[in-house]
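The values are calculated or read from the model by the stated rules, or taken from the named source; none is laboratory data. All values reported here derive from a predicted model rather than from experimental measurement. Here the Cβ positions follow ideal geometry from the backbone for every residue, glycine too, while neighbour counts run over all protein chains shown. Ligands, DNA and RNA are excluded from the accessible area calculation, which covers all protein heavy atoms including side chains. Shrake-Rupley method; radii C 1.70, N 1.55, O 1.52, S 1.80 Å.
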Amino acid sequence: QGVVVNEITGQMYWVDFETDMILRANPGGSHYQQLVTEGLDLPTSLALDPWQRKMYWADVGYGRIGRANLDGSEAAIIVGERDGRSGSIALDPEQGKMYWTVGEYSPGIMRANLDGSDAETLVSGLPGPFGITLDRTAGKMYWASWGLQRIWRANLDGSSIETVISSGIQSPSGLALSLPPADIRHNYIPLSQFSN
């Protein structure tokens, strides 16, 4: 989740927590750009909504969630520091929701609208959640817990929590799913309409 690909343009975006920046480039490395260079402290996770031309990031240092246009313009903090530190972020654009992990103080999984409003805690009391991904078709979220050395799963509302993997792993952090095409949005926007 530190590196993501724009499903429409093919550009790759990534966070650099050494320089506190968000960057992008073409798949072969050409057209390298620094997009967000201020207001970050240990950005660790990035998610894109190419249909709305937005990117979202989790910032561990400041414990915040930020959003900007895909070209880095209009960067803003949409969720301030709460009881913990934001670690990883995942989006459900069709439902207008974002999900993120909180890894310190009051560890858990939180959810809010894509503008940061109506934040709610879905899962609490599980040490060290870090790395979250969604299976929107199945209505499930998955996350890694380095504190308990497990991979967990729950419904998107936080109910029916279950352990998926509980042995053979030590410090899981990043997490991704390989999903069938049914999970890809069907309201395709022609590439010619994108200026970013």
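Can you tell me the accessible area per residue over the stretch 1-140, all protein chains present, probe 1.4 angstrom, in square angstrom? Intermediate results must be reported in sequence, preceding the final value.
Numbers: 5830 Å² over 140 residues.
About 42 Å² of surface per residue is accessible.
Extending 7 Å from Cα along the Cβ direction at Ile77 and again at Ser159 yields two label points whose distance is 3.5 nm. For the stretch 2-120, the equivalent ellipsoid built from the Cα gyration tensor has semi-axes of 23, 16, 11 Å, listed from largest to smallest.
Annotation for Leu42 and Ser30: the two label points, set 7 Å from Cα along the Cα-Cβ direction, are 3.8 nm apart. Calculated on the Cα set of the stretch 1-64, radius of gyration then Dmax: 11.3, 32 Å.
Spacing of the modelled spin labels on Gln95 and Ser117, each 7 Å from Cα toward Cβ, amounts to 1.9 nm.
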